[in-house]
Amino acid sequence: MTEVRFYLLDLDYRFRSGKTEVRLWGITDEGKRVVLFDSSLRPYFYVVTEKPEFLEPSLKDVPGVGGYELKQVKLFGKPVNAFKVYVSNLDKLESVAKTVSKLDGSSGVYEDDLRHSQHYLLDYDVRPCGWHVVEVEKVDRDGLKVDGAYKVLTPPKAIEHVGRVAFRVLAFYMVPLPSKGSPKPERDRIACLAVRTNDGLEKVLDSERLSEREVLQRFIEIVDEFDPDIIVGYGTNRRDWEYLVKRAKINGLVLKVGRDGAEPHRSLYGHISIAGRIALDLYDYAEDIPDIKIKTLENLASYIGAEVKAEPLEEPDIAALWATSEGRRRVLEYSADRCRLVMEAFEEFIEYGCQLSNLVCIPLDHVCTAAVGFRVESYLMKCSRLFGELIPKRVEKPYRPYAGAIVLNPKPGLHENIAVLDFRSMYPNIMMKYNVSPDTYVEPGVEVDPEKVYVAPEVGHRFLKKPDGFYREALRRLLEARAEVRQKLKGLNPESAEYRVLDARQRAIKVVTNAVYGYAGWIGARWYRRPIAEATTAWGRETLRKTIEYARSIGLDIIYGDTDSIFVRYDEDKVEKLIRYVAEHEGLEIKPDAIYVRIIFTEAKKRYAGILTDGRVDIVGLEAVRGDWCEAARRIQREVIKIILETGSPDRAVEKARDLIAEVKAGKVPLRELVIWKAITRPIEEYRVRAPHVEAAKRLIKMGWEVEPGDKVGFVIVRGSGKLYDRVQPYQFVKQEDVDYSYYVENQVLPAVLRVLKVFDYDRSSLETVRQKGQMRLF
DNA sequence: GCGCCCCCAATACCG
DNA sequence: ACCGGTATTGGGGGCGCG
């Protein structure tokens, strides 16, 4: 018997010699790559019953049931009896559960909808991207690409951090050679494949110097020799892995890159899995960053501050470039550069990814693709075990909207010295304060001593004051963990490795904390309870109203407010007084978040721009920060805002605006700045209207390009007659001379600029005419 | 046939 | 495949006008 300390990379399971065997893929504290086999968890599900003695005889007779035990568990906080039913053959679990659910005396089956590996993570003290200690015995298991294989004798135990894990990381970037439109693996071969490892290997496999078969062969060999723990790329879940697998097949090869010799495969959740390794797609990372409007690798690179060295290429140009030796050189350079960017972005991401994976208990490759709701849910599932809560099924419920937050009408104009006061984590703290939780909710009609419940304003939902609800406990753990991490951060050097880890940890905790309220109101949630979300926003509105009322009563001038914030004319003493009041009377923390030296409000809510004490300009909600306005309009609006905020003089902004507008009018703007990007949100045939971006998408599709929901299409408005949708072209096909500049002036730049200038009583006539040498020049 | 008004679908933002 | 609140644009229909 030996003791092994290991970091868990990934886990999967197999049916093997009559048992369901979980495979834990990890790295030991000695840097050995290992796999641990654990067959101790028998597949199971629960059946809830009111009359166990009535259900038991028939349960006994159900074929496939391999034992059961009666348990006291909870369902939405309500104690219930349930049999934990073991099933010897995992494949039969579904059908056995179905049979059992129909037995007389059954009040429903639970947890039959969880995968075996999920049960393993829930029931054992095991977390992905975390360290564990385990008692094992060495076994022989051929054909696995590991330094050691072990049988688990007693289930692993999570332990505190042992040391840094030194992952072996391989980045790759594939360039296909499309013949028409989007590249198709059945038709179009690979041009080149750039590979790079974090121990210094850099290679571009060129299908001109080698054959495509040799390129793929070499790639498989590199994976085999280097034996990476993580393989990372950009757009790999959606395209590259499937492409490589298919091209390999066409070339008579099998893309054996798994540590068990298997090919990559698509998992139940949509991402690509590679046995024993983590397949990461940084596209998913980019998707999580709202500041990146168009999710290209270049934009991700510039977001993280990485330098793009090779000239970006457009996919339609690849084939033509590949035909010449000079062009080919450029493609090769491009792929190598992109591969480097993938590796740099990986470095930026990995700490956060691991922390998130560990926190919510979803393996790293899957946590990246998982939507926020599922991350929260996974966290709650792990917490639910501490409560003896059964995990509810996802059941379809009708959508019923409910009231949300308050937004105040701003006072339009230019204001000076404005402080923004924010509630710290308002919704999570409200949920904790009033014990808002699925298991403390008292249904209408149930009689309870009014002293024992909190009653939400406006909506009247009731929640037991005691005991602590499941959400209260789950949120408390998050808030306390974050506070603890932030405390530790204070004493650390921001450059240190430990700081980076802990900072990533606190960011991960924050993301999950802030999503719990939204989760509770999501009809797809296992723990969906509309009254929970409804009560939370009701208390939120009440809290903000009371705060505003008090602020006014002490003479603070309120300029604006949204959900959990108020903007007031900064008066230090009064602000202090307000903070104390909120702490004492609401039990919540409000803090000055920012102070604007100057701030502009239009008539509209959720749109303003201000300059901070350090000179930074903040733009919120306006066209300048929207991805669906062309860059020219955004840039000119940004310029106007900047001048007004820095100088306080709208006049000067108007002058500058005239010049910039004249440039657009004269066509002195790069085409790139005229592209309008809009997302396609559904299959194209489902659109009921002829919108410009939809027409642009249709044109792309006609030319062999794939446009799927979630993709953004870039289009330009060209000269001609008819509706806009008659004059729209995908930007790739537009020549500068065809551009309809007057559209851009009238419908993009002027609206964006006037939005701001109207606040100062300018209208389009102030921008329209430019007096020059005594002459009127009209647009 | 044209301009005007209103409504609606669609998108992206804020917190 | 996280919530509700919000602003905005462009399409399209109905209406009056002559």
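The values are calculated or read from the model by the stated rules, or taken from the named source; none is laboratory data. Small disclaimer: the values here were computed from a predicted structure and weren't measured. Quick reminder, even Gly has a Cβ in these numbers, built from the backbone with ideal geometry, and neighbours come from all protein chains shown. Note: areas computed on protein heavy atoms with side chains; ligands, DNA, RNA excluded. Shrake-Rupley method; radii C 1.70, N 1.55, O 1.52, S 1.80 Å.
Descriptive notes on the structure:
So that you can scan it fast, the table gives a plain yes or no per residue for (1) surrounded by 15 or more Cβ atoms within 10 Å (Cβ to Cβ); (2) in contact (Cβ under 8 Å) with a residue 40 or more places away in the chain; (3) over 18 Å from the mean Cα position of the chain (by Cα); (4) away from DNA strand B (no atom under 16 Å from the Cβ):
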| residue | (1), (2), (3), (4) |
| --- | --- |
| A:Glu480 | no, no, yes, yes |
| A:Arg486 | yes, no, yes, yes |
| A:Leu489 | yes, no, yes, yes |
| A:Glu498 | no, no, yes, yes |
| A:Leu502 | yes, no, yes, yes |
| A:Thr513 | yes, yes, no, no |
| A:Glu534 | yes, yes, yes, no |
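- Which numbered condition A:Glu695 misses (of (1) within 16 Å of DNA strand C (Cβ to nearest atom); (2) open to solvent by less than 20 Å² (accessible area, probe 1.4 Å); (3) modelled with pLDDT of 95 or more): (3)
- Cβ pairs under 6 Å, 6+ apart, first in the range A:618-635 and free of Cβ contacts under 8 Å to residues at least 40 places away in the same chain, second part of a loop (DSSP other than H, G, I, E, B) and more than 6 Å from DNA strand B (Cβ to nearest atom): A:Gly621/A:Arg607
- All of (1) within 15 Å of DNA strand C (Cβ to nearest atom); (2) more than 30 Å from A:Asn417 (Cβ to Cβ); (3) of a type in the set (A, V, I, L, M, F, W, C); (4) open to solvent by less than 10 Å² (accessible area, probe 1.4 Å) hold for A:Trp522 with one exception: (4).
- Matching residues, the range A:566-624, being part of a loop (DSSP other than H, G, I, E, B) and crowded, with 17+ Cβ neighbours inside 10 Å: A:Tyr570, A:Leu588, A:Thr602, A:Arg607, A:Leu622
- In the range A:362-377, residue nearest to DNA strand C (Cβ to nearest atom) [restricted to those that are open to solvent by less than 30 Å² (accessible area, probe 1.4 Å) and part of a loop (DSSP other than H, G, I, E, B)]: A:Ala370
- In the range A:671-691, the residues that are under 18 Å from A:Lys735 (Cα atoms) and within 12 Å of DNA strand C (Cβ to nearest atom): A:Ile676
- Strands (runs of 3 or more DSSP E) contained entirely in the range A:112-184, each with at least 2 residues that are within 25 Å of the chain's Cα centre (by Cα): A:169-176
- Being of a type outside the set (D, E, K, R), open to solvent by less than 30 Å² (accessible area, probe 1.4 Å), modelled with pLDDT of 95 or more and farther than 14 Å from A:Leu767 by Cβ holds for only one residue in A:Val734, A:Val718, A:Val756, A:Val675, and it is A:Val675.
- Cβ-Cβ contacts under 6 Å between residues 6 or more apart (or on different chains), taken from a first residue in the range A:669-686 that is assigned to a helix (DSSP H, G or I) to a second residue that is away from DNA strand B (no atom under 11 Å from the Cβ) and among the aromatic types (Phe, Trp, Tyr), are listed as A:Leu674/A:Tyr744.
- Residue ID - nearest to A:His693 (Cα to Cα), chosen from residues in the range A:628-642 that are in contact with a strand residue (DSSP E or B) (Cβ under 6 Å, 6 or more places away or on another chain) and open to solvent by less than 20 Å² (accessible area, probe 1.4 Å): A:Cys630
- Pairs with Cβ under 8 Å, 6+ apart, first in the range A:593-612 and under 23 Å from A:Arg424 (Cα atoms) and modelled with pLDDT of 95 or more, second basic (Lys, Arg) and more than 11 Å from DNA strand C (Cβ to nearest atom): A:Gly610/A:Arg598; A:Ile611/A:Arg598
- Out of A:Ala624, A:Ala666, sole residue that is near DNA strand B (Cβ under 10 Å from one of its atoms) and out of contact with any strand residue (DSSP E or B) (no Cβ under 7 Å at 6 or more places or on another chain): A:Ala624
- Being within 16 Å of DNA strand C (Cβ to nearest atom) and aliphatic (A, V, I, L, M) is a description that does not apply to A:Ala551.
- For A:Val232, the criteria (1) surrounded by 15 or more Cβ atoms within 10 Å (Cβ to Cβ); (2) more than 31 Å from the chain's Cα centre (by Cα); (3) not in a helix (DSSP H, G or I); (4) not aromatic (Phe, Trp, Tyr) hold in every case but one, which is (2).
- Pick from the range A:45-80, criterion of a type in the set (Gly, Ala, Ser) and more than 13 Å from A:Glu389 (Cα to Cα), ranking: surrounded by the most Cβ atoms within 10 Å (Cβ to Cβ): A:Gly64
- Test: residue in the range A:539-547 that is in a loop (DSSP other than H, G, I, E, B) and away from DNA strand C (no atom under 16 Å from the Cβ): no
- Residues within the range A:81-95 that are buried (at least 16 other Cβ atoms within 10 Å of the Cβ) and either in a loop (DSSP other than H, G, I, E, B) or in contact (Cβ under 8 Å) with a residue 40 or more places away in the chain (or both), tallied: 8
- Exactly one residue out of A:Arg424, A:Arg385 is open to solvent by 20 Å² or more (accessible area, probe 1.4 Å), within 16 Å of DNA strand B (Cβ to nearest atom) and not hydrophobic (A, V, I, L, M, F, W, C): that is A:Arg424.
- Enumeration of residues in the range A:707-741 that are in a helix (DSSP H, G or I), within 12 Å of DNA strand C (Cβ to nearest atom) and out of contact with any Gly (no Cβ under 7 Å at 6 or more places or on another chain): A:Leu724, A:Tyr725
- Residue match in the range A:196-205 (condition: without any contact (Cβ under 8 Å) to a residue 24 or more places away in the chain and either open to solvent by 20 Å² or more (accessible area, probe 1.4 Å) or among the aromatic types (Phe, Trp, Tyr) (or both)): yes
- Scanning the range A:445-459 for residues that are touching a helix residue (DSSP H, G or I) at 6+ places or on another chain (Cβ under 9 Å) and either open to solvent by less than 30 Å² (accessible area, probe 1.4 Å) or part of a loop (DSSP other than H, G, I, E, B) (or both) yields A:Ala456, A:Pro457, A:Glu458, A:Val459.
- Given (1) of a type outside the set (A, V, I, L, M); (2) part of a helix (DSSP H, G or I); (3) free of Cβ contacts under 8 Å to residues at least 12 places away in the same chain, number of the condition A:Glu307 does not satisfy: (2)
- Enumeration of residues in the range A:625-656 that are within 24 Å of A:Arg719 (Cβ to Cβ) and outside any loop (DSSP other than H, G, I, E, B): A:Glu631, A:Ala632, A:Ala633, A:Arg634, A:Arg635, A:Ile636
- Selected residue (only one of A:Leu380, A:Leu359 is within 26 Å of A:Arg472 (Cβ to Cβ), in a helix (DSSP H, G or I) and within 15 Å of DNA strand C (Cβ to nearest atom)): A:Leu380
- Condition check for A:Asn237: touching an Asp or Glu at 6+ places or on another chain (Cβ under 7 Å) and open to solvent by less than 30 Å² (accessible area, probe 1.4 Å): yes
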